[in-house]
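Enquirer: Before I ask anything, here is the structure I am working with.
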Amino acid sequence: MKWATGSADPCHRAVSPGLMAALLEHSREGVVVCDADGVVTLANPAAVRLAPRLEPGLPLPAPLDSVLSAPEARVVTHDGRQIQVRAEELGEGRIAWYLTAETSRRTEFLLEAARRLAASLNPHRCARAAAELGTRFLCDAAVVFLPPASGRRIEWIRVVPGRSGPDEGAVPAAAAAEVPGLTDALAGLREDVAGRQDPGGTPDWLLPEGFGPVGHLLVLPLPGNSVSAGALVLARRAGRPSFDEDDQGMAYDLATRAGAAISAACLFRDQSTVNGILTGDLLPPDLPEIEGMRLAGRLRASQQAGAIGGDFYDVYLPESGPVERPPLVILGDVCGKGARAAVLAGQVRHSLRTLLLMESRPERLLELLNRSLLASPSPHSYVTLILAALRTAPGGHVQVDLAVAGHPPPLVLRRDGTVEEVAVRGSLLGALQKISLWPATVDLAPGETCLLYSDGITEAFGGPSGREMFGEERLRRALASCAVMPVDALVERLEQLSTDWLRGGQQDDRALLAVRAGRGASR
Amino acid sequence: MIPDLPAAARRYLELIGRADEEGAVGLVVSLLDEGVPAEDVLLRVIATSQRRVGELWESDEWPVAREHGATKVSERAVAAVGAHVRPAPSRGRVVVACADGEYHALPAHIVTEVLRLRGWHADFLGASVPGPQLITYLHREGPDVVALGCTLATRLPRAHALIAACQAVGVPVLAGGAGFGADGRYARLLGADAWAPTADAAADRLASGLPSFPSAREGAARVGGEEYVYLTRHRAELVSRVAATLKEAHTPEGGHDDDLGYIADYLIAAMYVHDASLFTDYVTWTCGVLLARKVPAEFVVLALSVFRDVLNDCPRAQALLSEGVAAAQMCSAARQQRRAFDAGHAPFSG
Ligand code: B12
């Protein structure tokens, strides 16, 4: 404590009785003093507000009198109100009690439940949050059972304080039925509003070894979107007080909130599973190993959450069948962005796969694709595309037969670091009845690279001024600087330069696919 | 016999310097077969050599293409270690990701492998992970922790946004990588739940237990500010103006426009975290890099002075730039002293 003067006995000089009374009067902390007989001699207004039964001249009311002097405060309930009480011996048998209002456990619980259960859209994380809230506020062990996703086994997540993390497992419905009331709770039925069940019936597997006998058990349904979102089991050890009315109210709240969170999360999970299945085919394929060459590709979709878009590439390895042909790679760009564009891109990739069963000549393939796009019911089915058939040639060379439809022509990086644009042209697909094509063949010596890219790379706006286009010239220079890199490093570097150029600005889909003749390192 | 790791690291550096993938992967696998712990191969052979690669690039001994080739081979080597030794996961789930715009994937990849070796179920999402993609992943997969890597301090604002986003969906964040500062000060400032200086320390930190839910924080971190916002918005114009002014002034042997862009980025990052040393450290480092490329530190002094003149409405930025100028002047003075010393002591030099 600090005093204004350095006096050895500051109390008497600095604090007059009047000042002392005023201080006590305005203190937010309740202060109570009793004499050696336990009779209240002083109670300031804050103390009386907190504990209305305090009366100077009368003995200290229960349960305040049960608090012994100790540095730690204890929480007691007085007239239904939670009070933190700390007692201090003042000498000569006198004792002071300092009282503050305990933020109600219920308020704290509600705040914490809102914070934790609103956060995640993952059923397991929600279940874990619910179990942790249970053990923090209500019980010694909490187990959440999730609604069976695929039919048979029921997943559970258990939290018991003092163990290193939550335990998880799954049980068949028959085992779940051993827990009193669980089958009904999982079906959304409650026998007892509070969910009280006979603790004696608890099966051993429900709780960790060494937990000890269960004294009190609550089993509650987790209400979901009209179907059950699972069930919540709360257990207290034998010898602990039973779940009182307050506890039961909180358990009910917890189950309601956890049910809402888990069912929203399950909905999200189901939708994203469907989404994943639908979009799985639209993602770029893993690039295969092809004898005598190396491939590397990168795709960045403008819609960052979905990772799919109108740019695409694919590889078609030769298959046994009537048509003999070398491996084929394609890279293309569908008019538009996002899911709609991705669906059309997927159709193009799939159509090609089918056409390749009967046809291998690049020009013919493009003509057939054009016709199928023209026949497509959705308007604006415009596609630009490069087809590149990859033939190995003697001396580690690769011959690339190129057909281009409305797409920027590929670039070739020669061994001496020069960059050439391939003279190959052709019209866009899906617009005109008749397309014109000027195909070309490029010879790659070992270590040389043919780069296919989409206009999202060259037409990226950004740079130092934020308004400049990346442009072909810059792409050529960037490519020239990659002469001695492994081909996947090359593609990665080009993508990074392009991303740096964009500086997080508005972007289009961007695709890069490189073919390098020869195996392994470039030098 | 225990293999000599420093010697192995030297041999490894030689191989990746030639982009010899087979050689480098072969060496790594043979070290494992000889009984070198996989963690040592990752941290004392591969990571050590990668830092050496950085020095060789800094001193202009290796061109950037050679550095890229070497790093690509190291990526394969790291993957090979993972394929060779991979204990079954016995601990919780971690997802490792690099901040948006952060392309230093290899450090985070190494961290991922070390965590796997220590029994974590670790997934690696790769370089530059956009926020929406990371958050979608968190909802779908429900990992216990996000390990967020940031190597470049200039990515701190974006790393901050990611940290906050992960915490908002209830997943705690372990931050790591050089960008968070050698002592992790920026990780703390940006509210990460934990920080680790190295991959093995990250594994230890996870083992000691992270809260299952990010703790509620009181108030927002004190970052950014009015001038920070202004500079972020007008970065492009700023860099163009400085470039134009330098051109008019006929700068002797100028650096690249890229260098001006980096200077702006580090200035902005330093403003974000309110720490001048982030900027002055970069100035000192970049002076060294440019010197190795025969660009004198005077260029940096001049460039920073032009930045300062242009930013006359931004007193905080100007103060930072003044400190930067002082740091660059120190580099220049040190260089002149060394030259004088060399002249006096090397009578036979041509
Ligand atoms: C390889 C490399 C690249 C490659 C990265 C490719 C890839 N796939 O990773 C590429 C070519 C892309 C690259 C680009 C750039 N780079 Co670079 N790069 C490097 C280099 C040489 C090696 C990186 C590496 O692998 N280190 C090995 C790792 C294992 O070491 P570590 O970082 O110390 O990691 C340990 C800890 O930090 C920690 N840790 C690391 N990450 C994480 C993550 C988590 C979650 C945790 C818990 C812990 C943790 O654990 C690790 C192991 O114990 C470094 C040099 C260096 N000293 O690191 C430069 C370096 C990081 N790059 C630098 C720079 C400036 C750049 C560029 C801006 C441009 C340029 N001039 O090269 C671009 C920017 C790219 C971008 N937008 O992100 C500078 C940064 C300078 C500074 N003061 O900030 C460095 C230091 C330059 C140098 N000396 O060569 N780079």
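The values are calculated or read from the model by the stated rules, or taken from the named source; none is laboratory data. What you see is a predicted model; the values in this text were computed from it and never measured. We place every Cβ from the backbone using ideal geometry, glycine too, and count neighbours over all the protein chains shown. These area figures cover heavy atoms from the full protein model, side chains too; ligands, DNA and RNA do not enter into them. Shrake-Rupley method; radii C 1.70, N 1.55, O 1.52, S 1.80 Å.
Enquirer: Choose one answer from B:LEU162, B:LEU174, B:LEU32: the residue with the largest mean-square fluctuation in a GNM of chain B with alpha-carbon springs under 10 Å.
Expert: Looking only at B:LEU162, B:LEU174, B:LEU32, the largest GNM fluctuation is found for B:LEU32.
Enquirer: Follow-up. Find the sum over both chains of the accessible area lost when A and B are paired, probe 1.4 Å, and report it in Å² to the nearest 100.
Expert: 3300 Å²
Enquirer: Return the average number of partner chain Cβ atoms within 10 angstrom of each residue Cβ along peptide A:125-133.
Expert: Partner Cβ neighbours, averaged per residue: 3.
Enquirer: Then there's this: Short version: which residues of the range B:105-147 lose at least 50 Å² of accessible area, all chains versus chain alone, 1.4 Å probe?
Expert: SASA drop of 50 Å² or more in the range B:105-147: B:HIS139, B:ARG140.
Enquirer: In 5 Å bins starting at zero, report the fraction of Cα pairs in the range B:87-222 per bin as a rounded %.
Expert: Here the calculated profile for the range B:87-222 is 2, 11, 24, 27, 22, 10, 2, 0, 0.
Enquirer: Please label the shape of the range A:387-523 as rounded, prolate or oblate, based on the square roots a ≥ b ≥ c of the eigenvalues of the alpha-carbon gyration tensor (a/c under 1.5 means rounded; beyond that, a/b larger than b/c means prolate, else oblate).
Expert: It comes out oblate by the Cα gyration axes.
Enquirer: In addition: Under 25 °C and 0.890 mPa s, how fast does the range B:40-105 diffuse according to Stokes-Einstein, given a Kirkwood radius computed over C-alpha pairs? Answer in µm²/s, whole number.
Expert: Roughly 177 µm²/s, to the nearest whole number.
Enquirer: Relative contact order (percent) for chain A, with alpha-carbon contacts under 8 angstrom and 6 or more residues of separation?
Expert: The value is 9 percent.
Enquirer: For chain B, what is the convex hull volume of its Cα atoms per residue in Å³?
Expert: 160 Å³
Enquirer: Using alpha carbon coordinates only, what is the Rg to Rh ratio of the range A:293-517, with Rh defined as the Kirkwood radius?
Expert: 0.96
Enquirer: Starting from the Cα of A:VAL75, step 7 Å toward the Cβ, then list every residue of the range A:108-123 with an amide N under 12 Å from that point.
Expert: Answer for this model: A:108-110.
Enquirer: Please average, across the residues of B:56-66, the number of beta carbons from any other chain that are within 10 Å of each residue's own beta carbon, and give a whole number.
Expert: 2
Enquirer: With angles folded into 0 to 90 degrees, how steeply does helix A:487-502 sit against the dominant principal axis of chain A? Use alpha carbons for both and round to 10.
Expert: 60 degrees
Enquirer: Counting only DSSP beta bridges with both residues in the protein assembly as shown, tell me the antiparallel percent, nearest 5.
Expert: Expressed as a percentage, antiparallel bridges in the protein assembly as shown total about 85.
Enquirer: Under the definition of partner shielding as Cβ atoms of other protein chains within 10 Å of a residue Cβ, what is the mean value for peptide B:232-239?
Expert: Mean partner shielding for this stretch: 3.
Enquirer: Please work out the average accessible area per residue across the protein assembly as shown, using the 1.4 Å probe convention, and give it in Å².
Expert: 46 Å²
Enquirer: So, with a 1.4 angstrom probe, what is the percent of accessible area on the range A:293-517 that is carbon and sulfur?
Expert: In the range A:293-517, the share of accessible area belonging to carbon and sulfur is 53 percent.
Enquirer: So which cysteines of chain B have no other cysteine's Cβ under 4.7 Å from theirs?
Expert: B:CYS98, B:CYS150, B:CYS166, B:CYS314
Enquirer: Now a separate question. Let me check I have the definition right: for chain A, take the eigenvalues of the Cα gyration tensor, multiply each by 5, take square roots. What are those semi-axes in whole Å, largest first?
Expert: They are 74, 32, 20 Å, listed largest first.
Enquirer: May I ask for log10 I(q)/I(0) of the range A:71-197 at q = 0.17 Å⁻¹, from a Debye sum over the Cα atoms as equal point scatterers with solvent left out?
Expert: Log-scaled intensity ratios, in q order: -1.01.
Enquirer: A further question follows. Show that you can apply the helix-only estimate: for chain B, add -39,500 (n - 2.57) for every DSSP H stretch of four or more residues, divide by all residues, and state [θ] at 222 nm to the nearest 500.
Expert: Calculated mean residue ellipticity at 222 nm is -19500 deg cm²/dmol.
Enquirer: In what sequence, highest mean first, do A:121-127, A:38-44 appear when ranked by Cβ atoms within 10 angstrom?
Expert: The most tightly packed comes first, giving A:121-127, A:38-44.
Enquirer: Please state the relative contact order of the range B:261-350 as a whole percent: Cα pairs under 8 Å, 6+ residues apart?
Expert: Relative contact order for the range B:261-350 comes out at 29 percent.
Enquirer: Please compute one quarter of the surface area of the Cα convex hull for the range B:1-123 and express it in square nanometres.
Expert: Taking the Cα atoms of the range B:1-123, their convex hull projects to 7.8 nm² on average.
Enquirer: Give me the compactness ratio for the protein assembly as shown, meaning the Cα radius of gyration over 2.2 N^0.38 Å.
Expert: 1.19
Enquirer: Another question, if that's okay. Order of B:271-280, B:304-313 by packing, highest average Cβ count within 10 Å first?
Expert: B:271-280, B:304-313
Enquirer: Tell me, what is the percent relative contact order of the range A:377-520, built from C-alpha pairs under 8 Å that lie six or more residues apart?
Expert: 24 percent
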